[in-house]
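Just below is one structure, and these are the notes that go with it.
The values are calculated or read from the model by the stated rules, or taken from the named source; none is laboratory data. Note that the structure is a prediction, hence the values are computed from the model and not measured. Cβ sites come from the backbone with ideal geometry, for glycine too, and all protein chains shown count toward neighbours. All accessible areas refer to the heavy atoms of the entire protein, side chains included, with ligands and DNA or RNA removed. Shrake-Rupley method; radii C 1.70, N 1.55, O 1.52, S 1.80 Å.
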Number of protein chains: 2
Amino acid sequence: MAVTILLRAFCYSTFILYTNSLPRINENNYTAINKDTPSMSLQRLTALRALMASQPTKLAAYIVPTADAHNSEYIAAADARREWISGFTGSAGTAVVTASQALVWTDGRYYTQFEKEADMALWTLMKQSLPDTPSMESWLSTNLSEGDVVGVDPHTMTREEWTPLQTTLTRSKMKLLPVASNLVDAARSQLSDPPPRRPCNQVVALPIKYTGKTAGEKIKELRKKIAEKKTSALVVTALDEVAYILNLRGSDIDYNPVFFAYLVITPASSILFWSSGSLPDTVTEQLKEEGVKIEVKPYSNIVPYLQELAKNEAAGSGRAVWLSNEASEAIHRAASGSDVLNQPLTLISEVSPVALMKLVKKEVELEGFRNCHIRDGIAVVRFLRWLHEQVDDGQAVTEIQAADKLLEFRKEEDDFMGPSFETIAGAGANGAIIHYSPSRTGPQRTIHQQDMFLLDSGGQYKDGTTDITRTRMMNRSPSPEQRDAFTRVLKGQIAVGSALFPLGVKGNVLDSFARKSLWDVGLDYAHGTGHGVGHYLNVHEGPSGISWRPYPHDPGMKPGHILSNEPGFYKVDEYGIRHEDLVEIVAITKESDHPRAKNLVGDYDGRGVLGFSTLTMVPHQRECIDAAMLDDLELSYINNYHKRVLSTLGPKLKERGLVQDLEWLERECQPIVRG
Amino acid sequence: MAVTILLRAFCYSTFILYTNSLPRINENNYTAINKDTPSMSLQRLTALRALMASQPTKLAAYIVPTADAHNSEYIAAADARREWISGFTGSAGTAVVTASQALVWTDGRYYTQFEKEADMALWTLMKQSLPDTPSMESWLSTNLSEGDVVGVDPHTMTREEWTPLQTTLTRSKMKLLPVASNLVDAARSQLSDPPPRRPCNQVVALPIKYTGKTAGEKIKELRKKIAEKKTSALVVTALDEVAYILNLRGSDIDYNPVFFAYLVITPASSILFWSSGSLPDTVTEQLKEEGVKIEVKPYSNIVPYLQELAKNEAAGSGRAVWLSNEASEAIHRAASGSDVLNQPLTLISEVSPVALMKLVKKEVELEGFRNCHIRDGIAVVRFLRWLHEQVDDGQAVTEIQAADKLLEFRKEEDDFMGPSFETIAGAGANGAIIHYSPSRTGPQRTIHQQDMFLLDSGGQYKDGTTDITRTRMMNRSPSPEQRDAFTRVLKGQIAVGSALFPLGVKGNVLDSFARKSLWDVGLDYAHGTGHGVGHYLNVHEGPSGISWRPYPHDPGMKPGHILSNEPGFYKVDEYGIRHEDLVEIVAITKESDHPRAKNLVGDYDGRGVLGFSTLTMVPHQRECIDAAMLDDLELSYINNYHKRVLSTLGPKLKERGLVQDLEWLERECQPIVRG
């Protein structure tokens, strides 16, 4: 799944020139959306404006980001406030409403969609990708007047976003005001269109055989850090971090096996703020077995709880609360007691220790990753064989039908829990749209013989998460240009996959290796090269990644991290190419099974040598590879990879009697030879 | 000159694992230093401690950084306060003195030197390079008590350094106090050893034929930005920025043609804070011709002037002052009026607009860079020929004698003004000490036939600045290992030198190209790959560079930037290899004279293609290059480079009757062929 930069909201200006971001999973394709009627749009705006005017402090502007209270990359329908107020359903954008204007800042992926969906008599599109478009901060500070107050729900903005906006407004003698209750939600209720209920689906326990570490051990480690930091509590706000610590999984956000909750860990207690009353017995039972006694409080109690904690600390030892810099402004304010104390407490706001713990997978998790990639490889191989057969036979398979068929194959695999994101199945020109997902409604694109077909998909398995992209030329006869591009992208993937590098360097140092072969001829791709991947958790996981843009909180690469390796090339209106593997970071010595191991003469002065081991198990299309463009190492790398895929999947296919799939795979994995 | 990360003081913990930093130019080599007598060390500490105790607010600790008020990389003797108080003369380190303890944090380069120079009965060495050593912040917050006050001269710390230290101390219920007058200076005066007078040497005007842009035009551009920012004044604090804007040069800091001054530009005035009374007539005359009317005030008036400005703004329009985030805490406080106003003004504290302007060289400056590199190349070529002859003849040439001889050759070149830094001339094992400079006192190292000899040197010319490293195997018979390493370093330099990349990407994306050939076999070098270079200004110039570590204020690469390209390899106790060129960033099209131009099929979707043009004009040693390790492009790159060096320098050498030098160069530039 192509890299989404894990930055939101106000980073637009630098973000857009050179980004990609996948659509919010589960969003409706805009061709299927009915435009709000003008009167409906106006009603909504009017209701919001009335609320802005009637606040204790009158608001000159109200900001509606695309965000939930947990800084989730994908949001639930209950949090789709920007969508409701503007009518625009795209996954990215920030709305600003003033008494006389209504604007949405969004990027180049969404200009057409915006104009189709929003009532353009009421709404102004701010095209972020254009250099002359003022940023939201800049627009506010020049279009409002001194003394004006800008309101925002502090749950929908991280402190990292809040602080620079506040600085800009203060400089212009304006004020940024946290408005505790969400005005869009209030407007919805007023208009008898209340926001959907926040999901609170079943929570299940993930056994130790999948996690490798009890919740008790995780909490014990965190308590050790809490003691070292001399802090009163660690507030865990990211949903995947809550799930990770407790070895629990949910389904409140599509594709992400998480549940809406906060977790507060103190030296003596673990408190889960969760809306569904008590936990299921099986969950309580596992937590007990894993040494955790958990107290459950209502989800909405988090703010008063933290305020009370702050008051107690202020009256007592005055210790700081520890939380992620990606926690919301609301949580930061509550934890510092800024609305209840004259002298707010200092906070420790930094990269989450849970994110850093989760980043290094345990051996059990790694073994799970390796195993689920074998099963996932079988599903994808079976699908590719099926697809080629269908298209060769002249069957009209649409992109959606292809995605559905792939899901069928995955469902046959053990421990498969569902897709890890919405499948990107792009035939021909659709493959060049980086954030494309086929729509279920409206005209359907058939995959033709003469199409390049880009398939980016993944699975959630109880033992791990997969994310793979393969690109197929359906008629097996790519044009010389396509073959050149396919091979350059592959050279980029091999350059990363075969790289050796010192332990502790950050992922961004590898990005250029992936691009070099394209850069050499003036080509590039407008997304990063790799993202972290959760273990049966979010398919995009921070704080590391491989990008030209440094990940500011990347702690440096270490064995046990999982990354994607996914260079691409996109020819607009014609085709897209992406090769994506997941890779595991491994320590390399002269004895390792690595193409460069035997040439090692040093270990970077004792720092240690790292390299990658590829988890993904699906061959690349031989007909699209120009062997003359590969050097000896590259040629042997790809042939060894195909050999490993065959020797790993082959026996399983045979065992399961999938003879035709095996024969297909054998053909695909034949050695590639030069001219 | 190997890259020095332009970060100081408190970045130690991450900095040290993987850094290099050259010695402060002009520092005395420690072998020549007499250790302070114990009684002298104690006297100094006692005097400082008495001052700490007698402050209006008693100081529990006093911090003495290695810094001047302008965040200069190299400091003048007047600012060598840490050196005076500790006895330790190394270029990097921060001293902390409490009532009972005295400590210096410094890095691995200086452990031995520290123990030789400092009185170890009084001083504690804090070895930054060791992972278990607490940082200064951490040490202060755990070793002092709640309520304690830590003092520091706010002129010696940038706001970027001040703020996190303050946060840490506040969290531990301590206070960081700016102490306006420097206590080390006061102690010196008390002990009748007053600090040396701050240099205030002659300032000269650099004519337009060298600068290409009048001071008036530069100020006009800055005033346009001042108007856009709606600010009351731009405060220029970096010495090279003051020199650049006014087209003036000085000599207050060795090797850096700058002078101690601040410059304040308001919409209506330009005020130079300078200690030498009125400017020379020639300077005033040129400034007048260039459309600048300058007001000169005493250097020490900057703080009261800014305080007055803040008071006026607070009473009037309340506009913010604009200054660099690298300006000192003292200047930040003065400009915000924090000591004179109840409600300090907001500041605009960010990367300096002068730094960004200076970064893009004008065509006249670029032409100067190209020309002075030809003259510098002649000097270096003549020196290398001379050195090989001497060593071949069995003459005992020491490292210092070599450096002196090179200076003689440079002095023969037009517009040569002096070295751009202290020459690094390292024979054998000395070449592996990245920050090495030979000492004039103590035992002298002779350059032997069997030595690898690393020579890193540069010149200041009126039309530009040079910085070149070449490595020579004196007997022309490198060992296979040396040849391998020499070639790998060269492959790294060629990988950067021949790279194509999109306009606007930051320099850090190129760093890994330089390392790949070494990384592939487990080798690396502990410094960055490239630094910016000033035009007849500082040889290290921000805010760009090429490093695994991103330069946070790099605005992205553009044509007209100058960078060094200098990978290396260092085998401790044996030899060092570094190949350093200066390169100019140029726009590349299919028609360009660039090894990859003809293969271009795109321009990165309109962003534009950049590459490098090498300015440096000295061949690499053929005998050390293993042609079998070079691919076709690399081989043709190095041969074309040598051809260009010969065709550029050859006619000049001939014209000047330097026949033997020409013959030597012809031999050195012969094509390299495989096997």
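Other chains' Cβ within 10 Å of A:499-507 residues: what's the mean?
Mean inter-chain Cβ contacts per residue within 10 Å come to 4.
Using only Cα atoms, tell me the angle between helix B:159-171 and the longest principal axis of chain B; keep it within 0 to 90° and round to the nearest 10.
Once rounded, the angle reads 50 degrees.
To the nearest 100 Å², how much accessible surface do chains A and B hide from each other in total, with a 1.4 Å probe?
Separately minus together, A and B give about 3100 Å² buried.
Using the crude model of +1 on Lys and Arg Cβ and -1 on Asp and Glu Cβ, and no other charge, please compute the dipole size for the protein assembly as shown relative to its Cα centre, in debye to 20.
1560 debye
Which residue, A:Val659, A:Leu222, A:Leu165, has the largest displacement toward the positive end of the dipole of chain A when charges sit on each Cβ (Lys, Arg +1; Asp, Glu -1)?
A:Leu222
Considering only DSSP states other than H, G, I, E and B, which GluC sites (Glu not before Pro) in the range A:558-607 qualify as loop sites with at most 13 other Cβ atoms within 10 Å?
Qualifying residues, ordered by number: A:Glu591.
About its Cα centre, what dipole magnitude does chain B give when the only charges are +1 on Lys and Arg Cβ and -1 on Asp and Glu Cβ, stated in debye to the nearest 20?
Magnitude of the dipole: close to 1080 debye.
Provide, for q = 0.05, 0.08, 0.09 Å⁻¹, the log10 of I(q)/I(0) from a solvent-free Debye sum over equal Cα point scatterers in chain A.
Scattering profile of chain A, log10 relative to I(0): -0.24, -0.63, -0.80.
What lysines does A:Lys411 reach when the alpha-carbon gap must be under 30 Å and sequence neighbours fewer than 8 apart in one chain are set aside?
Result set, ordered by chain and number: A:Lys209, A:Lys213, A:Lys358, A:Lys361, A:Lys362, A:Lys462, A:Lys643, A:Lys652, A:Lys654.
Under the Karplus relation 6.51 cos²θ - 1.76 cosθ + 1.60, θ = phi - 60°, what is the ordered set of whole-Hz ³J(HN,Hα) values for the range A:605-622, x standing for Gly and Pro?
Each residue's phi maps through the Karplus curve to give 6, x, 5, x, 9, 10, x, 10, 10, 7, 8, 5, 10, 9, x, 8, 6, 4 Hz.
Given a 1.4 angstrom probe, what's the average accessible area per residue across the protein assembly as shown, in square angstrom?
Value for the protein assembly as shown: 36 Å² per residue.
Which number gives the lysine pairs in the range A:31-190 that have C-alpha atoms under 27 Å apart and are eight or more places apart or on different chains?
7
Okay, helix-only estimate at 222 nm for chain B: each DSSP H run of n ≥ 4 adds -39500 (n - 2.57), divide by all residues, round to 500 deg cm²/dmol; what do you get?
-10500 deg cm²/dmol, from helical runs alone.
Each residue of the range B:420-436 in order: what ³J(HN,Hα) in whole Hz does its phi give by Karplus 6.51 cos²θ - 1.76 cosθ + 1.60, θ = phi - 60°, with x for Gly and Pro?
These are the phi-based 3J(HN,Hα) values: 8, 5, 5, 4, 9, 10, x, 8, x, 4, 5, x, 8, 8, 4, 9, 5 Hz.
How many percent of the accessible area of the protein assembly as shown is carbon or sulfur, using a 1.4 Å probe?
50 percent
Measure nothing but the geometry: give the 0 to 90° angle between the long axis through the Cα atoms of B:302-315 and the longest principal axis through the Cα atoms of chain B, rounded to 10°.
Approximately 60 degrees, to the nearest ten.
Give the nm distances, rounded to one decimal, from B:Lys643 to the matching residue in every other copy, measuring between label points 7 Å along Cα toward the beta carbon; shortest first.
Result, one decimal in nm: 4.1.
Nearest 5 is fine: what % of DSSP beta bridges in chain A come out antiparallel, could you say?
Counting DSSP beta bridges with both partners in chain A, the antiparallel share is about 70 percent.
Which distances, shortest first and in nm, link A:Leu42 to the matching position in the other copies, using label points set 7 Å out along Cα to C-beta?
For A:Leu42, the other copies' label points sit at 9.1 nm, shortest first.
Compute the semi-axes of the equivalent ellipsoid of the range B:204-358, taking the square root of 5 times each eigenvalue of the Cα gyration tensor, and list them largest first in whole Å.
For the range B:204-358, the semi-axes come out at 26, 16, 14 Å.
Measuring nothing but label to label, 7 Å from Cα along Cα→Cβ, what are B:Asp414's distances to the other copies in nm, shortest first?
8.1
List, in order, the whole-Hz ³J(HN,Hα) value for each residue of the range A:104-120 obtained from phi through the Karplus relation with A = 6.51, B = -1.76, C = 1.60 and θ = phi - 60°; use x for Gly and Pro.
Karplus values, whole Hz, x for Gly and Pro: 10, 8, 8, 9, x, 5, 10, 4, 5, 4, 4, 5, 6, 8, 7, 7, 6.
With angles folded into 0 to 90 degrees, how steeply does helix A:399-411 sit against the dominant principal axis of chain A? Use alpha carbons for both and round to 10.
80 degrees
Can you pull the semi-axes for the protein assembly as shown, root of five times each eigenvalue of the Cα gyration tensor, sorted largest first, whole Å?
The equivalent ellipsoid of the protein assembly as shown has semi-axes of 51, 42, 31 Å.
Ratio of Rg to Rh for the range A:31-130, alpha carbon only, Kirkwood?
With Rg and the Kirkwood Rh in hand, the quotient comes to 0.95.
Sorted by packing (mean other beta-carbon atoms within 10 Å per residue), highest first, where do B:162-169, B:74-81 land?
By packing density, highest mean first, the sequence is B:74-81, B:162-169.
Along the charge dipole of the range B:31-190, which of B:Thr133, B:Ala186, B:Thr112 sits closest to the positive end, that is, farthest toward it, with unit charges on the beta carbon of Lys, Arg, Asp and Glu (+1, +1, -1, -1)?
After comparing all options, I get B:Ala186.
Give the residue from A:Pro280, A:Gly318, A:Leu503 lying farthest towards the positive end of the charge dipole for the protein assembly as shown; charges sit on Cβ (+1 for Lys and Arg, -1 for Asp and Glu) and the dipole is referred to the Cα centre.
A:Gly318
For the range B:534-589, give the magnitude of the charge dipole about the Cα centre (Cβ charges: +1 Lys/Arg, -1 Asp/Glu; no others), in debye to the nearest 20.
180 debye
Which percent, nearest 5, of DSSP beta bridges in the protein assembly as shown are antiparallel?
That works out to approximately 70 percent antiparallel.
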